[in-house]
Structure formats: structure tokens, C-alpha cells
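Presented below is the structure to which this report refers.
The values are calculated or read from the model by the stated rules, or taken from the named source; none is laboratory data. Computed from a predicted model, the values in this text were never measured in an experiment. Cβ placement follows ideal geometry from the backbone for every residue including glycine, while neighbour counts extend to all protein chains displayed. The protein model used for the area step is the full one, side chains on, heavy atoms only, and it has no ligands, DNA or RNA in it. Shrake-Rupley method; radii C 1.70, N 1.55, O 1.52, S 1.80 Å.
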Amino acid sequence: MLHEKLDSIYDSVLRRNPGEIEFHQAVREVLESIGPVLGKHPEYAESKIIERICEPERQIIFRVPWEDDQGEVHINRGFRVEFNSALGPYKGGLRFHPSVYLGIVKFLGFEQIFKNGLTGLPIGGGKGGSDFDPKGRSQREIMRFCQSFMTELYRHIGEYTDVPAGDIGVGQREVGYLFGQYKRITNRYESAVITGKGLSYGGAQVRTEATGYGCAFFVDEMLKARGTSFDGKRVVVSGSGNVAVYTIEKVQQLGGTVIACSDSSGYVVDEKGINLDLLKQVKQVEHLRMDAYAKRHGGNVSFVAGRSIWELPCEVAMPSATQNEITGKDAEALVRGGCIAIGEGANMPTTPEGIRVFQEAGVAFGPGKAANAGGVATSALEMQQNASRDSWTFEFSERRLQEIMKDIHGRCLKTADEYGMPGNYAAGANIDGFKRVADAMLSLGLI
Ligand SMILES: NC(=O)C1=CN([C@@H]2O[C@H](COP(=O)(O)OP(=O)(O)OC[C@H]3O[C@@H](n4cnc5c(N)ncnc54)[C@H](O)[C@@H]3O)[C@@H](O)[C@H]2O)C=CC1
Ligand SMILES: O=C(O)CCC(=O)C(=O)O
């Protein structure tokens, strides 16, 4: 009966959101976990909480016209999906990437609801972005694009309404341009309207590092729960953007050896451990492709194009690039290569087949909703600091982050146990995040 109900909700999501395959995948993953909750809490089904959670509160789609350096006009599409505000103002990043369409923004926004619930902080779920491709664009073109994007977005956001941040293609530079335009249009220095800001204009210590550091802390907890640690472990991290770089940094500090990382052109293998200074120079300063790391290194480092980084044997894998980057076959290769733990720094980087392979093999699987929640949690801390006109030290902020990740880890395990799925972090994260939102929605009446 329960399964029939969930199947019928899923069928309705498919019908109402045709072609949005990433959104369908994200919904299915959550629905598959929450059956046991409905058994214990019939009030959720009676009030149609799940049907309501699957329907965004508001979806905004807008035109973003801008001019390139040659004076040619371009038109992109902007999105903001304000998914659920039961726990607090909508909160979630903006992604600028040519693949962005409504289905991607909705999958990200949907995941964000439960992730934000899991942090225990007062933030609802939302996400946005544009199909704008920042690759190869000049600084001034990126500034003009951000200004045009905010010229529409500003009317939908606010400290108490909706608080964007970064994601793929949106880092501190873009957040600066977006905040600058918001301030100019509204004539308000409303610091907490966006997070991920630079330290000189309301940003918070550790926000830049938070997603990667948090993911490393989460995996550290999973390893400890199995009686081991990062010490001496071979680790593979995909990507080389914000999340990947700070994952590598913290894993190295915790004693692991990150032997490979990647971008969309290929991966580098550096058996002695990725040289972080060189990686930051190549990726963050000069914005070069991954082969530049191998060319500059001078040591025994190889660059491999057109192959999956997951073919490399390792004990810990931390996908930190994009969705669906670990297929069922990749997962089988990782298990064969001796992988014992996965920490998802990216959002939904493992396909459903991949998750099944990991779980059947007894690999500790830390889902993105839990493992990468340190980024948004530290954004909520940035909002706290903005509200109190305060700024905390790096050490204090990092300690808060570590406590939050430890707490999320503990709650995932406890909830999974409580619902008869011991060690299943994915089920624990989905159920705990869902219950927090569902309980708030019940209390707030028919919203
Ligand atoms: N920035 C944040 O605070 C948070 C980000 N995330 C997720 O982490 C992931 C990475 O985001 P950021 O590091 O912020 O973005 P970013 O734009 O800084 O970096 C993205 C990285 O992924 C690589 N990449 C993209 N497509 C790839 C492919 N097909 N194969 C290999 N590499 C590929 C890019 O080359 C780049 O290195 C995304 O899934 C994002 O949603 C999750 C939580 C918070
Ligand atoms: O810091 C934020 O508000 C957004 C983080 C984010 O987009 C994510 O958790 O995927």
C-alpha cells in the first residue's frame, strides 16, 4: 500500500515535469528511502506532505541579455527555483554552466531542501543559475553578465526571502559582482542577501574552504566509525574547482594521499600526492586545463585524457565535479580496486546503479546531502555573522564546521539504525532531512 502510494506520487512527478530527468532521479532517490517513515507517521501522507514537497513553491525563469567585448548581444536564460521555505528563507547556490536547464535547477533545489534540513540550521531550499558559459569569457564580460542576471533576480531575493550563493561557475568573483549590482539597484547594504562574499565586504572565514573541508571531515567520521582513518590511504578526488581543491587540502592535512584529480579534459596522476600549490596556481590563478599541471610539475606525473578517473585503484573516492559522474561500471571498478569509502562532494555524482553497487559491497557511502552540507552550513554561519555585524576567526569557524559535520554524521547513522537500515547513510540523510521539513510543514498549516 505504501509503495503504491509512493509509486503514484512518482508517476505524478514524471507527468508534471516532463523531460526533467535529473529532477526525476533526485525525487526517486528520496522516495525510495522514506517508505518506513510513512509507516510510522501516517499524518504525513494524510496531509500530502510529499506531494507538496515535490512541487516548488515558486519557479522563476527570466531573460538575461548582455553584450560581449565586441559589442555583440547575447541572450541567456536565468532560473531561480524557490523550492521550500518551511525551515527558513530559500537557500542554495547559483550555477553558471551551458548544461543548465529547469530540470538541473530543480534537482539541485530539491536536494537542497533535505540537505539544509539536515544541517539543523534555519534555512529553506532553493537553487538557481543560467545556461551562460563562463569558459573563455573576459572578466568584464563576466561582470556584465552577472549585473544583467541580478537586474532581474534582485526583486525575488532578500535576507528574509531567498539567499543565493555560488556553485559550478560561480565563485567569489561572481558573488562580488552579483552583490555589487544588488546593492546598487536597491541602495541597501544588505549583507546577508548572498553568501560566499569576499572577506572585505561581509564574507565569512572558511566559507571558501567549507564544502571541501566539510566533506573531508565527514569521511573522516565514516572511517573512524569503521575503526580506521585517512592516515596512509590512497584517495582520488574528481574535479579541480572549489570543492575539489579544499577537499584535497583537508585530506592531506588528515594524513591521506590524494593521488589524482581532474577536469572535464582528463585527469592527472601524481603518486606522491597532488602538489596543492601547483594545482592552485594552474587552476585558480591561471585558469588552465589539467594537462598544464603535468607539464609544469617536472616530476613523474601523467595526464590522461578521455578516460574515467574512477579506473584508478584507491581506498577513498571523493567525487567533487558534477552529477552522475560515477556510473555503475565506475563503481564496480572502484570496489575491485579496494575502495572502502565514498564522500560525495558534488551533488548527486553517483548514479542509482553506482549507489547500489557501493551498498551491496558494504562500502561506506556518504551521500552529497550529508557529506557536502558543510558549504551551505557555513553560508548560514555567514548570515549569522552578517546579522550580528560580527566576524569570527578562522579557527573558531572551522571548529564550528567540524562540529556540524560530526553532528550530521552521527544523526545519519542514528536515523538509519532507528529505521532498520544500519550503516545506510543515504537513507539516514534522506529520512532525517525529510522529517525536519515535514514536521515544520505540518506545524505551519496548509502551505
Ligand atoms: N561550491 C559549493 O559550495 C558547493 C558545491 N557543491 C557541488 O560540488 C560540485 C563542484 O562545484 P564547485 O567546485 O563549486 O564548482 P567549480 O566550478 O569551482 O568546479 C567544478 C569542477 O568540476 C569540473 N568538471 C565539470 N564537469 C566535469 C566533468 N564532466 N568531468 C570532470 N570534471 C568536471 C570542472 O573542471 C571544475 O574543476 C558541484 O556538483 C556542486 O553542485 C555542493 C555543495 C556546495
Ligand atoms: O552556500 C550555499 O548557500 C549554497 C551551497 C550549495 O549550493 C549546495 O549546497 O549545493
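Keeping all protein chains in the complex and leaving out DNA, RNA and ligands, what accessible area do you get for Val335 with a 1.4 Å probe, in Å² to the nearest 10?
Counting only protein heavy atoms, the figure is 50 Å².
What are the aspartates and glutamates whose alpha-carbon lies under 16 Å from the alpha-carbon of Lys135, with same-chain residues fewer than 8 places away excluded?
Filter leaves Glu67, Asp68, Asp69, Asp167, Glu174, Asp263, Glu286.
Quick check: the distance between the Cα centres of region 330-368 and region 128-190, to the nearest angstrom?
Cα centroid to Cα centroid, the span is 34 Å.
Restricting to Cα atoms and excluding each atom paired with itself, what does the Kirkwood estimate give for region 21-123 in Å?
15.6 Å
For the chain, give the share of DSSP beta bridges that are antiparallel, in percent and rounded to the nearest 5; count only bridges with both residues there.
About 55 percent, rounded to the nearest 5.
Ignoring ligands, DNA and RNA, what percent of the accessible area of the chain is carbon or sulfur (1.4 Å)?
Solvent-exposed carbon and sulfur of the chain make up 49 percent of the total.
Please list, or write none, the lysines whose alpha carbon is within less than 19 Å of the alpha carbon of Lys272, excluding same-chain residues fewer than 8 places away.
Lys233, Lys250, Lys280, Lys295
How many angstrom lie between the Cα centre of region 63-111 and the Cα centre of region 4-20?
Value for the Cα centre distance between the two parts: 24 Å.
Kindly point out which whole DSSP H helices in the chain project their C-alpha atoms 20 angstrom or further along the helix axis while averaging a Kyte-Doolittle hydropathy of 1.0 or above.
Details: long enough: 2-16 (21 Å, -0.63); 21-40 (30 Å, 0.25); 102-119 (25 Å, 0.71); 139-153 (21 Å, -0.29); 172-186 (21 Å, -0.81); 207-225 (27 Å, 0.05); 373-387 (21 Å, 0.05); 394-418 (36 Å, -0.90); 425-443 (27 Å, 0.23).
Going by DSSP H runs, there are no hits.
Of all GluC sites (Glu not before Pro) in region 191-300, which ones are in loop regions per DSSP and have a Cβ with at most 16 other Cβ atoms within 10 Å? Show your work: numbers first, answer last.
Numbers: sites: Glu209, Glu221, Glu249, Glu271, Glu286; in loops: Glu271, Glu286.
Here the sparse-neighbourhood loop sites are Glu271, Glu286.
If you wrap a convex hull around the C-alpha atoms of region 75-167 and split its volume per residue, what is the figure in Å³? Write down the numbers at each step before the final one.
Values: hull volume 8.5 nm³, N = 93.
Taking the convex hull of the Cα positions in region 75-167, it is 91 Å³ per residue.
Which value results when the Cα radius of gyration for region 247-346 is divided by 2.2 N^0.38 Å?
1.04
In what sequence, highest mean first, do 147-155, 183-191, 428-436 appear when ranked by Cβ atoms within 10 angstrom?
428-436, 147-155, 183-191
Along each of the three principal axes of the Cα atoms of the chain, give the extent in whole Å, ordering the values from largest to smallest.
64, 54, 43
Bin width 5 Å, origin at 0, all Cα-Cα pairs of region 335-396: what percent of pairs per bin?
Taking all Cα pairs of region 335-396, the binned fractions are 4, 15, 19, 17, 10, 10, 8, 9, 6, 2, 0 percent.
Take the alpha-carbon centre of region 196-244, take the same for region 418-434, and report the distance between them in whole Å.
22 Å
Using all C-alpha to C-alpha distances in region 199-316, build P(r) with 10 Å bins and read off the rounded percent in each one.
Cα pair-distance distribution for region 199-316, in percent: 14, 44, 31, 10, 1.
Take the alpha carbon atoms of region 109-222, find their radius of gyration, then divide it by 2.2 N^0.38 Å using N residues; give the quotient.
Working: Rg = 14.9 Å, N = 114, 2.2 N^0.38 = 13.3 Å.
Computed over Cα atoms of region 109-222, the ratio equals 1.12.
Given a 1.4 Å probe and heavy atoms of the protein chains only, how would you sort Tyr90, Tyr177, largest accessible area at the top?
Sorted by accessible area, descending: Tyr177, Tyr90.
Based only on Cα atoms, what mean projected area does the convex hull of region 356-447 have, in nm²? It would help to have the intermediate numbers written out before the result.
Working: hull surface 32.0 nm².
Here the figure is 8.0 nm², rounded to one decimal.
With no solvent and one equal point scatterer per Cα, compute the Debye intensity ratio I(q)/I(0) for region 272-429 at 0.11, 0.21 Å⁻¹ and report its log10, rounded to two decimals.
Cα-only, vacuum Debye calculation for region 272-429: -0.59, -1.28.
What do you get when you divide the Cα radius of gyration of region 276-317 by 2.2 N^0.38 Å, with N the number of residues? Show your work: numbers first, answer last.
Numbers: Rg = 11.7 Å, N = 42, 2.2 N^0.38 = 9.1 Å.
Against the compact-globule rule of thumb, the ratio is 1.29.
Residues of the chain: accessible area per residue at 1.4 Å, in Å²?
Averaged over the residues of the chain, the accessible area is 40 Å².
For Phe396 and Lys135 in one chain, what is 0.36 nm times their gap in residues minus the Cα-Cα distance, to one decimal in nm?
Length gained, Phe396 through Lys135: 90.4 nm.
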